[in-house]
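What follows is a set of notes on a single structure, which appears directly below.
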């Protein structure tokens, strides 16, 4: 285990030796932002088809048996 710790400390020393003057710290590794896609519907609405197969539906909601008394 001592050998492994020494290797970790060796890597840390290498990192400390790097000149970071003028490098602005980042708030997050992915601080540049994420790519966005358009918010568009890509599938048809099949709500009525799915509810037609359900055992019980009322006012567009699925009815399920009570499990907590």
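Quick note: the coordinates plus some simple rules give every number you see, no bench work behind them. All of these numbers come straight from a predicted model, not from anything done at the bench.
Counting only alpha carbon atoms, the long axis of helix 2-16 and the longest principal axis of the chain meet at about 80°.
Considering the values (i) 12.1; (ii) 19.7; (iii) 14.0, which represents Kirkwood radius over Cα pairs in Å as calculated for the structure under consideration? Structure-derived value, by its label: (ii).
Just subtract the alpha-carbon distance of residue 48 and residue 36 from 0.36 nm times their residue separation and send over the number in nm, one decimal. Present the calculation step by step, with values, prior to reporting the outcome.
Details: separation 12, 0.36 × 12 = 4.32 nm, distance 3.09 nm.
Separation in residues times 0.36 nm, less the Cα-Cα distance, equals 1.2 nm.
Helix content alone sets the calculated 222 nm mean residue ellipticity of the chain: runs of n ≥ 4 DSSP H residues at -39500 (n - 2.57) each, divided across all residues, give -9500 deg cm²/dmol.
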